[in-house]
Structures are given as structure tokens and as C-alpha cells.
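These notes are about the structure you will find just below.
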Amino acid sequence: MKKSNVNKELITRILGVVGNVIDTALQILLIVGIVYIIIKGAHVAYDYGYRVFTEKPMAASIGRDVEITIPVDFKAMELGKLFETKGLTRDSKLLALQYYCSEYREDIKGGTYTVNTTMTAEEMFESIAEVNIEKDRLAKEAEEKQKAEEEAAEKREQEAKEKSDEPGTEESATEGESGMQQIDMGDESSDFLEDDVR
């Protein structure tokens with residue numbers, strides 16, 4: 001009986017020690033895994049952060065023009081995939097980050113544009129933005145011109161209406177008409193006189 005109790009105690013102690021060793025080993029593995037993930041994530045973040053501002057264009061010197069059509073309601077990742085498909089970037093995710101960091105982000109709109117493979121992402125964004133800024137400027141000028149023409153036409157119409165409503169113009173017009181009638185009658189009476197004389 002004593003031997004079996006001793007054996008049970010010994011087995012229990014051994015199992016406890018083994019359990020503690022396994023538990024400690026798992027904790028160490030978990031810590032190592034977390035540290036690895038943090039280091040790997042930091043490395044990827046640094047790499048992307050560095051490349052956002054230093055990524056070289058796809059072609060060094062002799063490039064080619066590429067026509068791209070950006071949808072009206074686009075998301076940054078869709079833009080990245082579009083540029084990657086057209087051979088304008090190596091990494092769609094990187095281009096999405098570059099788009100978010102770009103000072104031209106507000107002026108990039110849907111439409112068809114031509115860019116070159118020798119351009120960096122920022123240069124492509126600038127080129128697209130310039131087209132849209134120019135379009136907006138021309139549209140604003142056209143709108144202002146149309147507004148000025150409408151105001152001028154309205155003013156002329158108002159002046160013409162005010163002129164026709166002046167009392168002096170109606171009387172003088174009436175007087176002119178009666179004068180013309182007198183002249184006409186005078187001609188007829190002179191004809192009658194000539195007949196009487198003969």
C-alpha cells in the first residue's frame with residue numbers, strides 16, 4: 001500500500017514538473033512568436049514607410065506613355081491595382097499608401113489620363129491633378145462668363161423696359177403720329193385745291 005502511494009506521489013510530482021516545463025516552454029514560444037511578429041511588422045512598416053517617399057519609377061530613362069481610366073468613385077486600393085495592372089507601379093498596396101500621403105490627393109478625380117512609366121507615383125499624381133485643376137479653372141471661367149452675360153442681358157432688358165415706361169416717349173410718339181396725319185391731309189387738300197383751280 002505504501003509503495004503504491006509513493007509511486008502515485010512520484011508520478012504526480014513528475015507530471016507536475018513536466019506540466020510546468022511544458023507550460024514554461026509554451027510561454028517562451030508565445031513570447032518569441034510575439035517578438036518575431038513585432039520585428040517582422042516593424043521591418044515591413046519601415047520598408048513601406050521608406051518606399052512611400054523613395055520608390056523609383058518603373059522605367060529609368062526610356063519610358064512609355066500609358067493611358068489610364070480612373071473610375072469616378074474609386075478607392076485607394078482600386079487605384080493601386082489599376083496602376084499595377086498598367087505597369088506603373090510594382091506594388092498596389094504601396095501605391096495606395098502613396099496616394100494617402102500625396103498632397104495632390106484632393107485633386108485626383110475620375111477620368112482618362114496619360115502618364116509615363118518614367119514618372120514616380122507623386123509625379124503621376126501631380127500630372128493627373130494638374131489636368132483636373134485646369135479643367136476646374138476653365139469650368140469656373142465659363143460659368144463666370146455665362147453669369148456675366150446673363151447679368152448684362154438682364155440689365156439691357158431692364159433698361160429697355162424702363163425707357164419704354166417713360167411718359168415723355170409716349171406723348172412725343174403720339175405727337176409725331178398726329179403730325180404725320182396732318183402732313184398727309186395737307187397733301188390731299190392741296191390736290192383738291194389744284195382740281196378746283198382747273
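Observations
- Gyration tensor verdict on the stretch 21-66 (Cα atoms; rounded if a/c is under 1.5, prolate if a/b is larger than b/c, oblate otherwise): prolate
- Cut-off 10 Å between beta-carbons: net charge of the residues surrounding ASN132, Lys and Arg +1, Asp and Glu -1: -2
- Qualifying GluC sites (Glu not before Pro) in the stretch 1-107, where qualification requires a DSSP coil assignment and no more than 10 other C-beta atoms within 10 Å, comprise GLU103.
- What you get for the stretch 1-54, charging only the Cβ of Lys and Arg (+1) and of Asp and Glu (-1), is a dipole of about 320 debye around the Cα centre.
- Fully extending the segment from ILE34 to ALA60 would add 5.3 nm, taking 0.36 nm per residue of separation and subtracting the current Cα-Cα distance.
- Dipole moment magnitude, nearest 20 debye, the stretch 57-169 about Cα centre, only Lys, Arg, Asp, Glu C-beta charged: 720 debye
- Loop-resident trypsin sites (Lys or Arg not before Pro) (DSSP state other than H, G, I, E or B) in the stretch 1-68 with no more than 13 further Cβ atoms inside 10 Å of their Cβ: ARG64.
- Where labels lie 7 Å past Cα in the beta-carbon direction, separation of PHE74 and ALA142 in nm: 2.2 nm
- Label-to-label distance, GLU159 versus ASN20, with points set 7 angstrom from Cα along the beta-carbon direction: 10.5 nm.
Values in this text are rule-based calculations from the coordinates and carry no lab data. Because the structure is a prediction, the values reported are computed rather than measured. Note that each Cβ is placed from the backbone with ideal geometry, even for glycine, and that neighbours are counted across all protein chains shown.
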